[in-house]
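In what follows, a structure is listed as structure tokens, so that the remarks can point back to it.
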Amino acid sequence: MIDREARHAQLAERYLPDDLLERFRQRAAVYDRENSFFDEDLAELRERGYLLLFVPAALGGAGLSLSEVSRLQQRLAGAAPATALAVNMHLMCTGVVKAMVDRGDASLSYVFDEAAAGEIFAFGISEPSNDWVLQGSNTVAVPQDDGGYLLSGVKIFTSLSPVWTRLIVHGLDSSGDPRLVYGFIERDAGGITVSDDWDVLGMRASQSRATILKDVRMRPDRVARRLAPGRVPDLLTFAITSNFQLLIGAVYAGVARRALELGAAGLKRRKSAKAGASFAEVPEARVRLADALMDFMAVPAQLDAYCRDFDELADHGAGWPLRLVSARINASAAARRAAEVALVCSGGSGFGNAGELSRLFRDAQAGLFHPPSVDAARPMYAAALLDD
């Protein structure tokens, strides 16, 4: 059997070789400065088959596992965080379908066919003032005679806004017993407006604009689930949560790793007049970077462990949400800490807006806004220990 790390190295060379990443890194600065979408990155990723990582080999994809895709996303995020974050949303949709197929549910396998045909999927779940996220919705779903729905509402942080052609969404059908409706809508369905408001702190190239729905048709064959609101166990919502939390965590793990690399380079580059040596030899500076690395080391280990458990169909039962959310929150926190430490290590030059560290620091702050927030998650962890 091939060594796991050798396998990851082969995949990295196949899909994200060093020269490709360097082009992405150079373009990331331009996208950020111009607040533009990553068209060139996307074209190169599509050419290499990156958008088909989860799609079965029989359909022309790579058929990779979540642990393999997580490693690739960490690598991509180290060069172009916003590109990785946005591409995540397409990968998440196809990853959800793979997870369901692996567990015996092929009801959404048409997503594989459409992804193989070039469709781009995106994530339209987050809504203003909806801290229930998947377990509730402010979007109105009006049932139609043919079994489809008309959806009206606002979805926020819709990454890939300029290019997505399929959007996974949910809405609330209140025509009888309330039911949350999950499924896919198509870009050409009519009634879809994409906001032009995207002047944000970081992850600018993701162009994660709001999507406004007005009587947008969800075809009956695109309705995936009808579930009661609240904490209702279901394979679809489990697969969404797992792929979302772990792949988002992978992006911030990649940001953290790159920040630490730049912090180390900054210390080696700077000279201390007092010490008469490089700052890399100053004890206080070394300790600062060492502490950040120790904090970081647990993050990729946690992601690897939980991704492998997911791939191997481990049954953690009610313990899965605790694992998934903590992996993403820990990765996001590590990225912010690492970026701050790297700025200190780089000295005044890091404060310049043209530098990579400045962008990484701003990109890392986006981790504060992925659901659930730390405040929203804490009751779940308290309940696991304190409630019978």
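Side notes on the structure shown:
- Gaussian network model of the chain, springs between alpha carbon atoms under 10 Å - residue of His316, His370, His90 with greatest fluctuation: His316
- Sequence ranges 265-273, 23-31, ranked by mean other-Cβ count within 10 angstrom, highest first: 23-31, 265-273
- Gap separating the Cα centres of segment 33-57 and segment 254-297, nearest whole Å: 33
- Coupling constants for segment 185-201 follow from the phi torsions by the Karplus curve (6.51 cos²θ - 1.76 cosθ + 1.60, θ = phi - 60°), and in residue order they are 10, 10, 4, 8, 5, x, x, 9, 10, 9, 4, 9, 8, 8, 10, 10, 5 Hz; glycine and proline get x.
- Among (1) 24; (2) 21; (3) 29, the entry derived from the coordinates for percent of Cα pairs over 37 Å apart: (2)
- Carbon/sulfur fraction of accessible area - segment 249-309, other protein chains in place, 1.4 Å, %: 57
- DSSP beta bridges fully contained in the chain are about 85 percent antiparallel.
- Segment 43-89, accessible surface, carbon-and-sulfur percent (1.4 angstrom probe): 51
- Rel. contact order, % - alpha carbon contacts under 8 angstrom, at least six apart, segment 172-289: 21
- Put the Cα centre of segment 169-247 next to the Cα centre of segment 337-370 and the gap is 32 Å.
- Accessible area (Å², per residue) of the chain, counting only protein heavy atoms and a probe of 1.4 Å: 44
- Average silhouette area of segment 125-251, convex hull of alpha-carbon atoms, in square nanometres: 8.1
- The slack in the chain from Met380 to Asn138, taken as 0.36 nm per residue of separation less the alpha-carbon distance, amounts to 84.8 nm.
- Size descriptors for segment 57-161: radius of gyration and Dmax over Cα atoms are 15.9, 49 Å.
- Charge context of Leu66, other residues only, Cβ under 9 angstrom, K/R +1, D/E -1: 0
- With all protein chains modelled, accessible area of Phe238 [1.4 Å, Å²]: 60
- Most positive-pole-ward Cα, Leu386, Gly350, Ala339, against dipole of segment 337-388 from beta carbon charges: Gly350
- Amide proton proximity set for Ser272, modelled H, under 5 Å, gap of 5+: Ala277, Ser278, Phe279
The values are calculated or read from the model by the stated rules, or taken from the named source; none is laboratory data. None of these values were measured; they are calculated from a predicted model. Don't worry about glycine lacking a Cβ; one is built from the backbone with ideal geometry, like all the others, and counts go over all protein chains shown. Accessible surface areas use protein heavy atoms only, side chains included; no ligands, DNA or RNA. Shrake-Rupley method; radii C 1.70, N 1.55, O 1.52, S 1.80 Å.
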